[in-house]
1. List pairs: first in the stretch A:200-214 and under 18 Å from B:W205 (Cα atoms), second part of a loop (DSSP other than H, G, I, E, B) and among the hydroxyl-bearing types (S, T, Y), Cβ under 9 Å, 6+ apart or cross-chain?
2. Can you tell me which residue among B:I224, B:I246 is part of a loop (DSSP other than H, G, I, E, B), farther than 23 Å from B:V35 by Cβ and not basic (K, R)?
3. For the stretch B:25-57, enumerate the residues that are under 19 Å from B:A266 (Cβ atoms), touching a residue at least 24 places away in the same chain (Cβ under 8 Å) and aliphatic (A, V, I, L, M).
4. Looking for whichever is in a helix (DSSP H, G or I), more than 14 Å from chain B (Cβ to nearest Cβ) and modelled with pLDDT under 95 here; the options are A:G261, A:G192. Which one fits?
5. Within the stretch B:98-111, can one find any residue that is under 18 Å from the mean Cα position of the chain (by Cα), within 24 Å of B:D174 (Cβ to Cβ) and of a type outside the set (A, V, I, L, M)?
6. For the subset of the stretch B:165-187 comprising residues that are out of contact with any Ser or Thr (no Cβ under 6 Å at 6 or more places or on another chain) and closer than 22 Å to B:V8 by Cα, which member is farthest from the other protein chains (Cβ to nearest Cβ)?
7. Is it the case that A:S105 is in contact with a Pro (Cβ under 6 Å, 6 or more places away or on another chain) and either on the phi < 0 side of the Ramachandran plot or within 14 Å of chain B (Cβ to nearest Cβ) (or both)?
8. Collect the residues in the stretch A:235-266 that are in contact with a helix residue (DSSP H, G or I) (Cβ under 8 Å, 6 or more places away or on another chain), of a type in the set (G, A, S) and under 14 Å from A:N2 (Cα atoms), keeping them in residue-number order.
Protein chains: 2
Amino acid sequence: MNLDRCCVHTITTKPWSLAESVERYAAAGVKGISVWQNAVEGMTHAQAGELIRKNGLDVVSYVRGGFFPHTSAEERAKAIEHNKKLVEEAAALGAPLIVLVCGASPDQTLEASRAQIQSGIEAVLPFAEQMNVKLAIEPLHPMYAADRSAINSLAQANDISEAIGSPFVGVAVDVYHVWWEPNLEAEIIRCGKNDHLMAYHVCDWKVNTGDMLNDRGLMGEGCIDIKKISRWVDATGFDGYVEVEIFSNIYWQQDQQEFLGKIVKAFEEKV
Amino acid sequence: MNLDRCCVHTITTKPWSLAESVERYAAAGVKGISVWQNAVEGMTHAQAGELIRKNGLDVVSYVRGGFFPHTSAEERAKAIEHNKKLVEEAAALGAPLIVLVCGASPDQTLEASRAQIQSGIEAVLPFAEQMNVKLAIEPLHPMYAADRSAINSLAQANDISEAIGSPFVGVAVDVYHVWWEPNLEAEIIRCGKNDHLMAYHVCDWKVNTGDMLNDRGLMGEGCIDIKKISRWVDATGFDGYVEVEIFSNIYWQQDQQEFLGKIVKAFEEKV
């Protein structure tokens, strides 16, 4: 994939500050940045956005909203308020969308959590429209169904975004979460047809994954046929940034500049 | 669930020998045992079967066959021969069925692996029929799709067992692998209608799972609504053993007799 479409998530190079990330990404030829909330420290979101644009990068997404389901109505209301605050921050940053890790509660059924996710998104939606910030539902791998997301397939993410039916609500497809899914191609086509395909994330699934959260692989290092999925995504007409999002205790312990070099190479060769 | 339907897998109390497991299970009121291949050591399978029946236990299943997919035809042929050997061992043991962990290869697509799984099962089937040993496809959680199984949902297991269409090929439902699955109830009903529901395994999904292989929970310790799933399974008319299969580095390090006591209690209260 051409570097012109390359975006990196700040979490990928977690040891770096936002200023350091911006400078180094730009120097490496990366064109976009997705900003995690924790990366905006010691400055306002508007200042962070300025810093990014001044260095010639695009803000691709703000990460991450969601976590709507709770057994208590009070907690659910708090989650909605929190997401509105994130919309405000995204708008100040100049991010066109927020990625939603929708949430789940081990103390209730997945069906109940899904209903709360839908109503949570619907409650945030009017403000998101007003602020011109899109909401992208990221289906998470079923191994996160206990407490991170009750939306565990692209099929389910498509169902819920179609049910909501707004141009401001769509889907973020991350190969890590959906590569195993039967009918993946058909679900990507479905998602693209509705203009619901709003973001595309890449990394790799290591055959011997040592940690369920923070052992994602660099593209090419695992068993996902990323190029095949990229072709499916491209075929929908999606021409936005391709976002590199890698959580890795292993890479975070290494020299981040070398790691960025590997990312750029893998992006050009394996995506 | 009444203890009369309780079966324990030898792997659950891995530190014990088969003789020790048999004796202790029987003393605890457990009525069935599922035998892992590694548990049959220093004796023939026929002797193992005798030992089990002499202690008043039923042999419920032999674990585990499968692992059919390989990129090389030679390896696939070897896998088929290996499975025939397992059928022979199961028959000698007096086990009515073999659980299949179907396999996957990170070096080929999941679709290719699934085709090889189907043809592998079909190649073993005539011998299994002859030996009166059933083959139960166990769908594995998608987190095992890289190299353990390309069959990652009950829906897919139902598809393949229906495609094969033999009374000797069915499905083993393990709550650990399928609890997150949308349409789980419908797929259990579908499975039961075809008389393809051949085995039912229980354990629990711990919210903070520390190890992808060996950190399963005791029933009641995690977030799976086991009773609900048991009701769905019962509603199909399935009245066979309910098998406790727990891989746990944590429990294996504890006193196994105490652990067995906890299993019996959890079986009566949480299943």
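The values are calculated or read from the model by the stated rules, or taken from the named source; none is laboratory data. Just so we're clear, the structure is a prediction, and the values are computed from it rather than from any experiment. With ideal geometry, Cβ positions are generated from the backbone for all residues, glycine too; neighbour counts draw on all protein chains shown.
1. Close Cβ pairs (under 9 Å, with a partner that is part of a loop (DSSP other than H, G, I, E, B) and among the hydroxyl-bearing types (S, T, Y)) amount to A:M212/B:T209.
2. Values: B:I246 fails: farther than 23 Å from B:V35 by Cβ.
Of B:I224, B:I246, the one residue that is part of a loop (DSSP other than H, G, I, E, B), farther than 23 Å from B:V35 by Cβ and not basic (K, R) is B:I224.
3. Filtering the stretch B:25-57 for residues under 19 Å from B:A266 (Cβ atoms) gives B:25-34.
Next cut, touching a residue at least 24 places away in the same chain (Cβ under 8 Å) only: B:25-26, B:28-34.
Scanning the stretch B:25-57 gives B:A26, B:A28, B:V30, B:I33.
4. Values: A:G261 fails: modelled with pLDDT under 95.
Result: A:G192 is the single residue among A:G261, A:G192 that is in a helix (DSSP H, G or I), more than 14 Å from chain B (Cβ to nearest Cβ) and modelled with pLDDT under 95.
5. As a first pass, look at the stretch B:98-111 and keep what is under 18 Å from the mean Cα position of the chain (by Cα): B:98-104.
Pick out the ones that are also within 24 Å of B:D174 (Cβ to Cβ) and you get B:98-104.
So of that shortlist, the ones also of a type outside the set (A, V, I, L, M) come out as B:102-103.
Yes, there is a match, as at least one residue in the stretch B:98-111 is under 18 Å from the mean Cα position of the chain (by Cα), within 24 Å of B:D174 (Cβ to Cβ) and of a type outside the set (A, V, I, L, M).
6. Across the stretch B:165-187, the extreme among qualifying residues is B:A172.
7. Values: in contact with a Pro (Cβ under 6 Å, 6 or more places away or on another chain): yes; either on the phi < 0 side of the Ramachandran plot or within 14 Å of chain B (Cβ to nearest Cβ) (or both): yes.
Considered against the rule, which asks whether it is in contact with a Pro (Cβ under 6 Å, 6 or more places away or on another chain) and either on the phi < 0 side of the Ramachandran plot or within 14 Å of chain B (Cβ to nearest Cβ) (or both), A:S105 comes out as yes.
8. Across the stretch A:235-266, the qualifying residue is only A:G240.
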